[in-house]
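Have a look at the structure below, then the notes.
The values are calculated or read from the model by the stated rules, or taken from the named source; none is laboratory data. Computed from a predicted structure; not experimentally measured. Cβ coordinates were reconstructed from backbone atoms using ideal geometry, including for glycine residues, and neighbour counts include every protein chain displayed.
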Amino acid sequence: MESTNTGCKLCLLRENNSKKKEYELIQRALAAMNEQEKASSETYEKRLEACKSCESFVEGTCLKCGCYVELRAAGKAAHCPKKNGPW
């Protein structure tokens, strides 16, 4: 998903042109993950949508734990760090 956004505080890294280097690092980390450890594409996208609607989400980062949500959401066993989080 390409976008022309720059400096978007409510965008995922893949949607934010000013965070291109960070996104490339995340992509490399995702590619290196064992397929058995990855969440399904559907689960991954649902998790990202939940993160984007959270008040703790800023510029692709979770303010609760400091992670890049695009990386954390990819793990099959991962969970939202927020108490009673949506995933």
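Among all positions in the stretch 54-65, there is no residue which is polar (S, T, N, Q), over 18 Å from residue 8 (Cβ atoms) and surrounded by fewer than 16 Cβ atoms within 10 Å (Cβ to Cβ).
Starting from the stretch 68-87, keep only residues that are over 13 Å from residue 52 (Cα atoms), then list their pairs with residues that are of a type in the set (S, T, N, Q) whose Cβ atoms are within a distance under 7 Å, requiring at least 6 positions of separation or different chains. From the stretch 68-87, the pairs are 82/56.
In the stretch 4-62, the qualifying residues are those that are of a type in the set (S, T, N, Q) and in contact with a helix residue (DSSP H, G or I) (Cβ under 8 Å, 6 or more places away or on another chain), and the one that is nearest to residue 78 (Cα to Cα) is 61. Before we move on, is residue 59 at pLDDT below 95 and closer than 24 Å to residue 20 by Cβ? Yes.
Remark: residue 51 matches the filter, which requires a residue to be touching a Phe, Trp or Tyr at 6+ places or on another chain (Cβ under 9 Å), outside any loop (DSSP other than H, G, I, E, B), of a type outside the set (Lys, Arg) and at negative phi. Among the residues making up the stretch 1-30, a single one is at pLDDT below 80, in a helix (DSSP H, G or I) and within 13 Å of the chain's Cα centre (by Cα): 19. Among the residues of the stretch 31-48, those identified as assigned to a helix (DSSP H, G or I) and either on the phi > 0 side of the Ramachandran plot or exposed (fewer than 15 other Cβ atoms within 10 Å of the Cβ) (or both) are 31, 32, 35, 36, 37, 41, 42, 45.
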